[in-house]
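Bear in mind that the values in this text are calculations on the coordinates, not laboratory data. Owing to the predicted nature of the structure, the values given are computational and were not obtained by experimental measurement. Neighbour counts are summed over all protein chains in view; Cβ atoms, including those assigned to glycine, are modelled from backbone coordinates with ideal geometry.
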């Protein structure tokens, strides 16, 4: 697929945004997909309509990420806290992976996209797990964009479970406490074989991380938009990447 650089794309505020070539494209972009319900309420529609239109935004974001050469796209699809929502809404959200993959899996395969899931399978319905497992199995040998769904994911639980695992190894005499490093802890997280996100995007106007990849985003660049997730598409992703390209990442040092 041809990558598009140096082209002009309209930004939220109607000004122009230009991608500055291919040298500084973020390798890993993570997105907190927020605002489905508020988008629906704004239009006088049921919340589930917002979630279904959010599914369409997933396709737009995936296509745009692949187009400009992003290697990994991690999408916060369902958090460990989202179980607090009404059962009817949770049941609908649990049906969306099956619906999305039924519609899009063949095209993802054709585009060489590798589907992954980052999260805890307990509490997930069997049909949700089955849909994800099929997509993961059928795309495991693909070498293009990694589309990583954070499903039943929460960073506090992720870190807690990794610490427990390390503690058990120390207790069993398999690991010297002095061998515990940042790199070791990072490797035990659910995203252990992926690089940390370079860019974190949140839609919907909220300015918080909501228990998402707290360890991994320590030095991620953050980009927020007032637009709700069902409104997100190519233009918004290009605007976020263009802003990222203007920033200098110093990691606590000097440029």
*Just checking, how many residues over segment 52-102 are part of a helix (DSSP H, G or I), over 14 Å from residue 152 (Cβ atoms) and touching a strand residue (DSSP E or B) at 6+ places or on another chain (Cβ under 7 Å)?*
4
*Given 122, 34, which one is more than 20 Å from residue 203 (Cβ to Cβ) and either in contact (Cβ under 8 Å) with a residue 12 or more places away in the chain or touching a helix residue (DSSP H, G or I) at 6+ places or on another chain (Cβ under 9 Å) (or both)?*
122
*List every residue pair whose Cβ atoms lie under 6 Å apart, where the two residues are 6 or more positions apart in sequence or sit on different chains, the first residue falls within segment 210-233 and is in contact (Cβ under 8 Å) with a residue 60 or more places away in the chain and on the phi > 0 side of the Ramachandran plot, and the second residue, located anywhere, is assigned to a helix (DSSP H, G or I) and crowded, with 19+ Cβ neighbours inside 10 Å.*
211/155; 213/155
